[in-house]
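Each remark here refers to the structure printed beneath this line.
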Amino acid sequence: MAEYRLEMRGVSKSFPGVKALDGINLKVRPGTVHALMGENGAGKSTLMKCLFGIYHMDEGEIYLDGKKENVGDPDEALHKGLAMVHQELQPIPERTVGENMYTGRYPVKKFGPLKIIDHKKMFEETEKWLNDVKMPFNPKAKLGTMSIAQMQSVEIAKAVSMQARVVILDEPTSSLTDNEVQALFRIIRDLKGRGVSLIYISHKMAEIREIADDITIMRDGTYVGSWAMNDITDDEIVKQMVGRELTNIYPPKNDAHVGEVLLDVRGFSSIHERSFQDCSFTLRRGEILGFGGLVGAQRTELMEAIFGMRHISKGEVYIEGKKVNIRRPQDAIRGGIGMITEDRRGTGILGCLSIADNVSISSLSQYLELGVKLNKRKIEQLVKENVAKLSIKTPSSRTLIQSLSGGNQQKVLISRWLANNPDILIMDEPTRGIDVGAKYEIYQIMIDLAKQGKGIIMISSEMPELIGMSNRILVMCNGKITGEVSGDEATQERIMSFATQF
């Protein structure tokens, strides 16, 4: 057996205007979990896409079990024993769980020269693999009816079902509950026992410390180094990632400048009985109001209803004491509300458009001349100012947003709403899949907005983030607001007690 299950040697990759990878090396031992860490834009996902055949390397070599391999496309990667769970899910929502798991490799029955999909076998196999990862969903359910966390679990089950030699997990727990994370870790340990190698990309230090055997760190598309996990501290990992020491995780709060009530939500109830019911709360100027709870608590659904994306059976919204009728997102935007959604790729960015288009899309009416012609010079100036203000790493404002890292995409979405200047900004999982350095930059933006008198609602599944950033925290469980905790008195135990009041 070769010393390394996988070796990537001297991998380089360039895109127009930027060198994404510059001579990267990666060595993964059999039956181990190898953490791959670095800030957003460091090139981690790009490196994995080169391994999986999504991108073609400009330079470099790939070895599997000591044998040099050429991986031309994802289908070839699968046949060579590579499987990948992507950070940004790309489901086929109108197809079943089983069809999504077996896309491109459906089991078939032969009737003479004809071949048809063997749905019975496909659903039986899907059920088996879902049970194997302890996620017993209905294999015949449409994937589009499931939450992001459940879709993520299906992707993980799909990777496990391929019985691959190397499994790439790109931010696999970004939308999973603590129980689901532990179920995933049980699966990972089982795969390790079978000799499978796993490459684990995550920004969550506690996860890396718990599950990884080795770690490789990248910075700005270059190779920094590799270590055994026992030989490197958390502080050293952060220092190697960002090239500097971070002394504070969260900026100082804006407690002294919280003002009058800005938003008053009364008796909000969904048309669906199993969704949010009878939810009331207030948001003050200068306040960061955290919303905690487990996956499925209906926090996102409540915020989408306030923003006009979902229908309600009853409820009222008051902004600065004045009742407003919000039936669609345009009404919310006119009322001074902005929303950064949880699903960055699905309902946030417009992937086929440029950074400039994505920044300006919600405020184009401000740049019309004579009501018909866009002032492109003013739009370009707007984008230039926001790119500089938020430190967005991009060669040009005309760069397609889909080519940016997750952290830079998130900054573009924040820029979109800054351009529209809302008084109320709803941020659903604003730092999901973002590295420690970029997180701090986004936290600072939130604090600065609060100091300007904006009101911010932040949904987060990371309790340290809720506690570190919120002036006040509301907790939801099963569609109801079950508790309120002030930021100074918040503990993980108190939040969890409210989040589990079934």
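The values are calculated or read from the model by the stated rules, or taken from the named source; none is laboratory data. It should be emphasised that the depicted structure is a prediction, and the values quoted were computed from it without experimental measurement. Because the Cβ atoms are built from the backbone with ideal geometry, glycine has one as well, and the counts that use them run over all protein chains shown.
Among the residues in the stretch 481-496, are any in a loop (DSSP other than H, G, I, E, B), surrounded by fewer than 19 Cβ atoms within 10 Å (Cβ to Cβ), not hydroxyl-bearing (Ser, Thr, Tyr) and not assigned by TED's automatic domain parsing to the domain that holds residue 360? Give the steps one after another, and end with the answer.
Initially, the stretch 481-496 is screened for residues in a loop (DSSP other than H, G, I, E, B), giving 490-491.
Subset that is surrounded by fewer than 19 Cβ atoms within 10 Å (Cβ to Cβ): 491.
Filter once more, keeping what is not hydroxyl-bearing (Ser, Thr, Tyr): none.
Taking every residue of the stretch 481-496 in turn, none turns out to be in a loop (DSSP other than H, G, I, E, B), surrounded by fewer than 19 Cβ atoms within 10 Å (Cβ to Cβ), not hydroxyl-bearing (Ser, Thr, Tyr) and not assigned by TED's automatic domain parsing to the domain that holds residue 360.
Each residue in the stretch 194-237 was checked for being over 22 Å from the mean Cα position of the chain (by Cα) and charged (D, E, K, R), and 7 pass. In the stretch 183-232, the residue that is surrounded by the most Cβ atoms within 10 Å (Cβ to Cβ) out of those that are more than 15 Å from residue 25 (Cα to Cα) and small (Gly, Ala, Ser) is 197.
Number of residues in the stretch 25-60 that are part of a helix (DSSP H, G or I) and either within 20 Å of residue 80 (Cβ to Cβ) or more than 17 Å from the chain's Cα centre (by Cα) (or both): the value is 7.
If you go through the stretch 66-103 and keep only what is within 22 Å of the chain's Cα centre (by Cα), of a type in the set (Val, Ile, Thr) and part of a strand (DSSP E or B), you end up with just 85. A single entry from 237, 249, 326 fulfils the requirement of being among the β-branched types (Val, Ile, Thr), in the same structural domain as residue 454 (by TED's automatic domain parsing) and not in a strand (DSSP E or B): 326.
Keeping to the stretch 1-17, report how many residues are touching a Ser or Thr at 6+ places or on another chain (Cβ under 7 Å) and buried (at least 21 other Cβ atoms within 10 Å of the Cβ). Please lay out each step first, then the result.
Initially, the stretch 1-17 is screened for residues touching a Ser or Thr at 6+ places or on another chain (Cβ under 7 Å), giving 5-6, 13, 15, 17.
Next cut, buried (at least 21 other Cβ atoms within 10 Å of the Cβ) only: 5-6, 13.
Total meeting the criteria: 3.
Within the stretch 139-146, not a single residue is farther than 20 Å from residue 92 by Cβ and either modelled with pLDDT of 80 or more or of a type outside the set (A, V, I, L, M) (or both).
Residues of the stretch 1-24 being part of a loop (DSSP other than H, G, I, E, B) and in contact with a strand residue (DSSP E or B) (Cβ under 9 Å, 6 or more places away or on another chain), which ones? Across the stretch 1-24, the qualifying residues are 2, 3, 4, 5. For residue 164, the conditions (1) surrounded by 17 or more Cβ atoms within 10 Å (Cβ to Cβ); (2) at pLDDT 85 or above all hold with the exception of (2). Going by what's in this entry, would residue 362 be described as in a strand (DSSP E or B), in contact with a Gly (Cβ under 8 Å, 6 or more places away or on another chain) and small (Gly, Ala, Ser)? Taking the combined requirement at face value, the residue does not satisfy it.
Residues in the stretch 434-454 that are hydrophobic (A, V, I, L, M, F, W, C) and in a helix (DSSP H, G or I): 436, 438, 442, 445, 446, 447, 449, 450.
So which of 30, 93, 107 is farther than 30 Å from residue 390 by Cα and out of contact with any Ser or Thr (no Cβ under 9 Å at 6 or more places or on another chain)? One residue alone meets the criteria, 107. Which residue, of 464, 430, is over 15 Å from residue 357 (Cβ atoms), modelled with pLDDT under 90, in contact with a helix residue (DSSP H, G or I) (Cβ under 8 Å, 6 or more places away or on another chain) and crowded, with 21+ Cβ neighbours inside 10 Å? That would be 430, the only listed residue that is over 15 Å from residue 357 (Cβ atoms), modelled with pLDDT under 90, in contact with a helix residue (DSSP H, G or I) (Cβ under 8 Å, 6 or more places away or on another chain) and crowded, with 21+ Cβ neighbours inside 10 Å. Looking only at residues in the stretch 394-426 that are in a loop (DSSP other than H, G, I, E, B) and crowded, with 17+ Cβ neighbours inside 10 Å, the one that is modelled with the highest pLDDT is 423.
Being touching a Pro at 6+ places or on another chain (Cβ under 8 Å) and polar (S, T, N, Q) is a condition met by at least one residue of the stretch 148-171. Is it the case, given these coordinates, that residue 287 is in the same structural domain as residue 493 (by TED's automatic domain parsing) and surrounded by fewer than 20 Cβ atoms within 10 Å (Cβ to Cβ)? No; evaluated as a whole, the condition is false for this residue. Across the stretch 99-112, the qualifying residues are those that are touching a Leu at 6+ places or on another chain (Cβ under 9 Å) and farther than 20 Å from residue 191 by Cα, and the one among them that is surrounded by the most Cβ atoms within 10 Å (Cβ to Cβ) is 100.
The set of residues from the stretch 18-48 being of a type outside the set (Asp, Glu), surrounded by fewer than 21 Cβ atoms within 10 Å (Cβ to Cβ) and over 21 Å from residue 213 (Cα atoms) comprises 18, 19, 23.
Taking the stretch 233-279 as the range and being farther than 30 Å from residue 220 by Cβ, small (Gly, Ala, Ser) and at pLDDT below 80 as the test, only 256 passes. Cβ-Cβ distances below 6 Å connect the following pairs, each with a first residue in the stretch 381-399 that is among the aliphatic types (A, V, I, L, M), a second residue that is surrounded by 14 or more Cβ atoms within 10 Å (Cβ to Cβ), and a separation of six or more residues or different chains: 382/419; 383/356; 383/359; 383/397; 390/411; 390/415; 392/408; 392/411.
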